[in-house]
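Shown next, in C-alpha cells, is the structure this report addresses.
The values are calculated or read from the model by the stated rules, or taken from the named source; none is laboratory data. In this text the structure is predicted, and so the values were computed from the model without any measurement. Don't worry about glycine lacking a Cβ; one is built from the backbone with ideal geometry, like all the others, and counts go over all protein chains shown.
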Amino acid sequence: MSVPVIKAVKDEIDSRKTVIIDCPPGTSCPVIHSVYGSHYCILVTEPTPFGLHDLKLMVGVLKKLKNPFGVIINRAGIGDSGVQEYCKAERIEVLLEIPYNRQIAELYSKGIPFVVRLEEWQLKFLEMFENICGA
C-alpha cells in the first residue's frame, strides 16, 4: 500500500522548496507514482549488465512521462562500460561517477554519508545540484 503513502507525501510538498523523493529501483507502481510530475529525476545505476537493463527500463518510462533526468553511476570501476556507452549513445547526461571505493563502502556500512568525511565530494554534489537547478 505504498502508493497512497506516496500520494499523501506529495500532497504535503511545499512547491517553493526543493524536495527529494527517494524510491526503490525498478519500474514498479511506487516508482512511477514517485517520479510522476517531478521536475527532474536522478537515476542511480551500477556499471553492470543488470544495472544497464534496469536503467534502460527506467529511461523508457521517464521518456514517456517527459521527465528530464540524468544518471549517477555508483560503484564506478566495477563491471563494464555498457552504461557509459549507452548514456553516450542516448545523449543522457552522466551527472557523477562515484567510484567503487573501500572507504566509501565502510562509511556507508556505518550509516555515515561519505560526503561528511570525504569533503571533496561535497563540492561535486553541490555542483551537480546547481547544474540540475539551472537546467
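Can you tell me which residue in the stretch 1-21 is farthest from Cys133 (Cα to Cα), limited to those that are among the β-branched types (Val, Ile, Thr) and in a loop (DSSP other than H, G, I, E, B)?
My answer is Ile13.
Consider Arg75 carefully, then state whether it is surrounded by 13 or more Cβ atoms within 10 Å (Cβ to Cβ) and of a type in the set (D, E, K, R).
So Arg75 fits the description; yes.
If you go through the stretch 66-116 one residue at a time, how many are under 15 Å from Pro47 (Cα atoms) and of a type in the set (Lys, Arg)?
Qualifying residue count, the stretch 66-116: 2.
Here are some residues: His53, His39. Which one is assigned by TED's automatic domain parsing to the domain that holds Gly26, under 27 Å from Asp14 (Cβ atoms), of a type outside the set (Phe, Trp, Tyr) and without any contact (Cβ under 8 Å) to a residue 60 or more places away in the chain?
His39
For a quick check of your reading of the model, give me the residue pairs whose first member lies in the stretch 13-32 and is touching a residue at least 40 places away in the same chain (Cβ under 8 Å), whose second is among the hydroxyl-bearing types (Ser, Thr, Tyr) and assigned to a loop (DSSP other than H, G, I, E, B), with beta-carbon atoms closer than 7 Å and at least 6 apart or on different chains.
Correct list of pairs: empty, since none qualify.
Hey, does the stretch 38-55 have a residue that's touching a Ser or Thr at 6+ places or on another chain (Cβ under 7 Å) and among the small types (Gly, Ala, Ser)?
yes
Can you find a residue that is among the polar types (S, T, N, Q) and either under 24 Å from Lys7 (Cα atoms) or outside the structural domain of Glu12 (by TED's automatic domain parsing) (or both) anywhere in the stretch 79-96?
The answer is no, given that none of the residues of the stretch 79-96 is among the polar types (S, T, N, Q) and either under 24 Å from Lys7 (Cα atoms) or outside the structural domain of Glu12 (by TED's automatic domain parsing) (or both).
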